[in-house]
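Just so it is clear, none of the values below were taken in a lab; they were calculated from the coordinates. What you are looking at is a predicted structure, and each value in this text was computed from that prediction instead of being measured. When we count neighbours, we look across all protein chains shown, and the Cβ atoms used for this are built from the backbone with ideal geometry, even at glycine.
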């Protein structure tokens with residue numbers, strides 16, 4: 001039983017634990033560090049000096065940006081501390097990577113917005129592609145599409161196809177709600193694949209397309225779309241899609257900033273850029 005004479009007021013405990021009173025009240029609400037005694041008349045909180053070790057542990061974990069939920073797991077199940085902290089490390093690394101990407105985008109945004117991007121006309125023949133389809137919301141589309149492209153390239157490797165062939169994506173013009181899209185790798189017509197058991201062969205129809213080439217991270221591709229759709233509007237062409245994106249460089253070799261993407265929209269035969 002705790003000796004009442006040894007109990008520390010919340011202010012005394014806060015000073016000893018190198019914490020603020022506000023933090024201690026928060027940890028009480030979160031059931032991380034519950035006072036040893038609460039005066040029923042005044043509501044004052046009192047702590048046992050033996051709780052200082054827990055307070056130190058909580059404080060260090062929180063300074064390391066470990067989430068409250070993870071701190072609770074560490075305290076309640078100390079045998080799982082290694083797994084919990086490993087998961088937190090991965091979460092913090094992901095957040096740091098997102099922050100780094102955001103910083104890079106901010107630094108390159110001004111240059112991208114002011115870039116003079118010409119609209120050109122392309123005549124593209126019918127293409128046979130190794131194809132995969134997927135769906136995602138607008139916020140996760142880039143990430144899901146990248147994973148799907150990786151799956152296509154892995155399948156191409158298994159089938160002995162040329163992985164350096166053009167990679168293409170086909171997307172709706174409007175990114176409302178769930179986005180259904182497809183990605184593929186251009187491939188030669190091979191009867192053993194087209195007529196065989198492989199169910200992921202598709203044919204993209206040919207036609208005339210207006211296009212804009214954009215160099216930079218895929219997150220800034222809306223700049224290219226803006227230029228292209230504005231030109232289509234000037235020409236009286238409805239930008240209803242579907243839109244194609246040709247990935248002309250390998251981001252593994254040139255990095256995101258050097259990524260070149262061609263954004264294409266079908267146009268009438270008589271269209272002039």
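With the helix formula -39500 (n - 2.57) applied to DSSP H stretches of n ≥ 4, the chain reaches a computed 222 nm mean residue ellipticity of -12500 deg cm²/dmol.
Put simply, the chain fits an ellipsoid with semi-axes of 58, 23, 15 Å; these come from the alpha carbon gyration tensor as the roots of five times its eigenvalues, largest first. The Cα atoms of the range 59-103 cover 37, 19, 13 Å along the three principal axes, with the biggest extent listed first. Between residue 144 and residue 50, what is the spin-label point distance in nm, taking each point 7 Å from the Cα along the Cα→C-beta axis? Going by the 7 Å Cα→Cβ label model, 5.3 nm.
Distance distribution P(r), the range 1-43, all Cα-Cα pairs, bin width 5 angstrom from 0: 5, 21, 30, 28, 14, 2 percent. Calculate the tail of P(r) for the range 110-187: the fraction of all Cα-Cα distances greater than 17 Å, expressed in %. Tail fraction, whole percent: 56.
Taking 0.36 nm per residue of sequence separation and subtracting the Cα-Cα distance, how much length would be gained by fully extending the chain between residue 98 and residue 75, in nm to one decimal?
Gain on stretching residue 98 to residue 75: 5.4 nm.
Using the Cβ-Cβ distance between residue 176 and residue 41 with R0 = 45 Å, the FRET efficiency computed as 1/(1 + (r/R0)^6) comes to roughly 0.15. Shown for 208, 179: other C-beta atoms within 10 Å of each C-beta, ranked fewest to most, produce the order 208, 179.
Here the range 38-64 is scanned for amide nitrogen atoms under 13 Å from the site 7 Å beyond the Cα of residue 89 along Cα-to-Cβ, giving none. Evaluated at q = 0.09 Å⁻¹, the base-10 log of the normalised Debye intensity for the range 119-273, with identical point scatterers placed on the Cα atoms, takes the values -0.29.
Between the C-alpha center of the range 36-93 and that of the range 216-255 there is a gap of 49 Å. Taking the number of Cβ atoms within 10 Å of each Cβ as an exposure proxy, the fewest-first ranking of 65, 238 is 238, 65.
Highest mean first, the peptides 74-85, 122-133 sorted by other C-beta atoms within 10 Å per residue fall in the order 122-133, 74-85.
Under the definition of Cα pairs under 8 Å and six or more residues apart, what whole-number percent is the relative contact order of the chain? Working shown, then result.
Working: 390 pairs, mean separation 44.5, N = 273.
Result for the chain is 16 percent.
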